[in-house]
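Asks: Quick one: the structure is below, questions incoming.
Laboratory data are not the source of any read-out in this text; all were calculated from the coordinates shown. Predicted model, so just to flag it, every value in this text is computed and none were measured. So basically every Cβ, Gly included, is an ideal-geometry build from the backbone, and we count neighbours across all protein chains shown.
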Amino acid sequence: MKYTVYVLYSVLANRHYTGFTSNLEMRLKSHNEFGKDWTCKFRPWAISFTTKNLQTKRRQYDMKNG
């Protein structure tokens, strides 16, 4: 399965969030409309960067967590 690493930006809070997903459109909707996690405090989010076609979850995890 292929994944996309993405960086979101919140203009209101001047914050960035990095994540990875196999469905970017649905994931952005999730950050902006659903859930009660950390990102809900800084809505709305906009995509500021993506890198597509990374092959494994482990690679995205390593990129996200340094």
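Asks: Quick one: what does P(r) look like for segment 1-57 with 5 Å bins over all Cα pairs, in whole %?
Replies: Pair shares across the bins are 4, 21, 30, 24, 13, 6, 1.
Asks: Can you tell me which of 34-43, 2-11, 19-28 comes out highest on packing, and rank the rest after it, using the mean Cβ neighbours within 10 Å?
Replies: 2-11, 19-28, 34-43
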